[in-house]
Structures are given as structure tokens and as C-alpha cells.
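J.: Before anything else, here's the structure in question.
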Amino acid sequence: MHSKVSDFLPRNLTPPYVSSSPEVYHRVLKVTSADASSNGSVYKHHMVLCSDGLTDLYDMRRFTREGAARQIGRVCVKPEGDRWAELQGNLALHLVKDALGDNLGEQCKRLTTDLNFQHMDDTTVVVVSW
């Protein structure tokens, strides 16, 4: 083992930040009377699992955290299928497209490493609908 690493290990008293032990929580999702009404979507419920890369994209567009959450909800309820027909109904792609914004120049800037500062962030979005 490299001497610098072996010197550091005894001083590393913090818990591991990454663990191979999963933390699983079970939640019962209740349907309210408001949920029972039609929202214009084929599915009535959507659960969005995403990395901070998605919220970072909304941050770049000056959304607050609450504003980003509301916008994600709006996209899930009405994914604008006619406008983004090339996305073939993939709700995760709809969310990324919405987070990138409508300005093509800004989209290109956010999708490349040609930034004024060194930054690379992965964006992962999974949408479960039922």
C-alpha cells in the first residue's frame, strides 16, 4: 500500500460515504380523492427517481428546488407529446429536455464540456408510472 494512504487510514474516523449495504425503505402510497380524478395522462401516478444532475439543470435555469419539483410534476402530468414527438413518449427524456430549456445554444453548452469552469455531472432520470 502506498505510504501516504497507509499514513492517512488511522486518521480517517468518518463513516464511509459509499457503502455496499443498501438502505431500503418501504412506503405505502395512498390514493386520495384528488388523485382519482383524471389528469390528462394515461397513467395517474408517476415516481421520478433522479440524480442531482436533473435538479442542477433546473438550478442553472434559476428554478428554486420547490419550483423545479413543481415543474417536474407539470411535465409528468402533461408531457407535451406533440411538441416532443421524437422522444416517443419516454417521460424521462421529456424531463431532461424540459430541464435543458428551449434555447438551443444553452442546451449545447450544458451538454458539452465547453464551459467557463471545470464541471462534469451525470444526469440520471428514471420514471415509474402506474
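The values are calculated or read from the model by the stated rules, or taken from the named source; none is laboratory data. All of these numbers come straight from a predicted model, not from anything done at the bench. Glycine gets a Cβ as well: all are built from the backbone with ideal geometry, and neighbour counts include every protein chain shown. Calculation scope for accessible area: heavy atoms of the full protein, side chains included, ligands and nucleic acids excluded. Shrake-Rupley method; radii C 1.70, N 1.55, O 1.52, S 1.80 Å.
J.: Considering the range 73-115 alone, what residues qualify as being exposed (fewer than 11 other Cβ atoms within 10 Å of the Cβ), at pLDDT 65 or above and either under 22 Å from V48 (Cβ atoms) or of a type outside the set (S, T, Y) (or both)?
T.: A85, E86, Q88, D102, L104, G105
J.: Any residue in the range 80-96 that is farther than 17 Å from Y58 by Cβ sitting within a Cβ distance under 7 Å of a residue that is at pLDDT 60 or above and assigned to a loop (DSSP other than H, G, I, E, B)? List the pairs, counting only those 6 or more apart or interchain.
T.: That search, which allows pairs on different chains as well, returns G81/G89.
J.: List every residue pair whose Cβ atoms lie under 7 Å apart, where the two residues are 6 or more positions apart in sequence or sit on different chains, the first residue falls within the range 109-130 and is closer than 30 Å to H45 by Cα and in a loop (DSSP other than H, G, I, E, B), and the second residue, located anywhere, is open to solvent by 70 Å² or more (accessible area, probe 1.4 Å) and at pLDDT 60 or above.
T.: From the range 109-130, the pairs are W130/Y43.
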